Amino acid sequence: MSLTVEIDTVDAEEWHRLLQEFDDASIFQAWAYGSARWGENNLCHTVIRDGGEVVGLAQAVLFGIPLFGKILAYVIFGPVCHRRGAGGMDQLKSTICALREEYVVRRGLCLRLRLWPYDTSADLRAALLAEGTWQEAEPLHTTYILDLSLPESQLRSAMDKKWRANLRKAEQCGLTVSQHDGRDGIPLFVDLHRQMRERKRFASEFDAMLPTLYRLLPEPLQPRIFVCWRDRVPVAAAIVSAIGDRAFYLNGASGDAALEVRGGYFLQWAIVRWLKENGRCRWYDLHGTASSPGVRQFKKGLVGARAPEIPLNELEARGRHLSALLVGAGTRLYEAHRKLKGPWARLSRRR
């Protein structure tokens, strides 16, 4: 396979068009998401071709520090290289090697890839690690993933018994679920999210990025906003992205009335049923395990009492010595902050 690498040769419109041709596409590789989350000036877009055919895409977020410039290229759930009905591990390995050549060898940056668990195999990671140019970084995040190919009855029976009991109670409360685009859905979500933040006493920047995200994303890539209602009162909402063969739960909100009627349980089960009936998604990724034990237990209970907490493995190729030192120090500081954040947040809520 003879690959050519193009850096920043396409615009956002073309990038989003190409992204829709891949089964392993996700919103985290969307240009609009990167712009809304990290700023367009911190993004780099790589297109990899075999002949004239695009076989790989990778949106990297470039992180730097004052005086030293850019030191890290971070690819989240990429590279994208499984074209619909084609692609495989050979394309993935070749694409990863091409990225290393560009960012590490040519630019001297550290390159870190957060791999989606079912895109890679242990054999591929072992092959890359055996080259001696890659190392496996400590995974900073974990998640739960639901297999949507299973029958609805099996998914329900696999739930934690308390989760299933709460769902049954919710189904007796006369709840309904509606779907919305950004124009109608954002105000509903933002209000419910505000109620939740005030109740649980935490800060979030997610609301602020929503208008920009929906404005920049083409309609086929826009997440759906699901809202749970009791009579005419919205009680819970969730934002779900389904682009390739997997869906991601991006964020959720529960109003003050949601606890009484178990709105979150009813809403998540409605989302699962909709994904099975209307999408081509095989997987539903619940997008991380939060520091809150309650959120973690909620996600685990939906997937199943015996569901494993899946680590989001990361591979790292180190660039120049100084870049590697700075990235390593930054990672250790982030990990220390993350471990302290959960207990501190719980202490603040008790106050």
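Angle of helix 89-100 to the longest C-alpha principal axis of the chain, folded into 0 to 90 degrees and rounded to 10: 70°. Ranked by how many other Cβ atoms sit within 10 Å of their own Cβ, fewest first, the residues H193, H141 fall in the order H141, H193. About the centre of its Cα atoms, the stretch 145-287 shows a dipole size close to 420 debye [charges on the beta carbon of Lys, Arg (+1) and Asp, Glu (-1) only; nearest 20 debye]. The trypsin sites (Lys or Arg not before Pro) found in the stretch 266-307 that occupy coil by DSSP, while having at most 14 further C-beta atoms within 10 Å, are R280, R306. Considering the stretch 145-287 at the alpha-carbon level, its Rg and Dmax are found to be 14.9, 41 Å.
Counting 0.36 nm for each residue step from S204 to F68 and taking away their Cα separation leaves a gain of 46.0 nm. Considering the chain as a Gaussian network with a 10 Å cut-off on Cα pairs, which listed residue, P308, P151, P187, attains the greatest mean-square fluctuation? Checking each option, the largest mean-square fluctuation is seen for P151. Where does the longest stretch of the chain lie that holds no chymotrypsin sites (Phe, Trp or Tyr not before Pro) found in a DSSP loop with 16 or fewer other Cβ atoms within 10 Å? Between exposed loop sites, the widest span is 203-351. Between R306 and K169, residue separation times 0.36 nm minus the direct Cα-Cα distance comes to 47.1 nm. The ellipsoid equivalent to the alpha-carbon distribution of the chain has semi-axes of 35, 23, 20 angstrom, derived from the gyration tensor eigenvalues as √(5λ) and listed largest first. Between Q297 and C97, the modelled labels are 4.9 nm apart [label points 7 Å from Cα along Cα→Cβ].
When R49, R183, R230 are arranged by Cβ crowding within 10 Å, least crowded first, meaning fewest neighbours, the order is R183, R49, R230.
Simple spin-label estimate for K162 and R215 gives 4.3 nm between the two label positions (7 Å along the Cα-to-Cβ direction from each Cα).
Please identify the longest segment of the chain free of exposed GluC sites (Glu not before Pro), where exposed means a DSSP state other than H, G, I, E or B and no more than 15 other Cβ atoms within 10 Å.
So the longest stretch without any such site is 22-130.
Note on the chain: with charges restricted to the Cβ of Lys and Arg (+1) and Asp and Glu (-1), its dipole about the Cα centre is near 1940 debye.
Bridges between two residues of the stretch 145-287, per DSSP, are antiparallel at a rate of about 90%. Taking 0.36 nm per residue of separation and subtracting the Cα-Cα distance, full extension of the segment from R232 to N251 would add 4.6 nm. Each residue in M159, M209 was given a count of other beta-carbon atoms within 10 angstrom of its own, and listing them fewest first yields M209, M159.
We did not get these values from a lab; they are worked out from the coordinates using the rules stated. Keep in mind that what you see is a predicted model, and the values were worked out from it rather than measured. Note: ideal-geometry Cβ built from the backbone for every residue, glycine included; neighbour counts use all protein chains shown.
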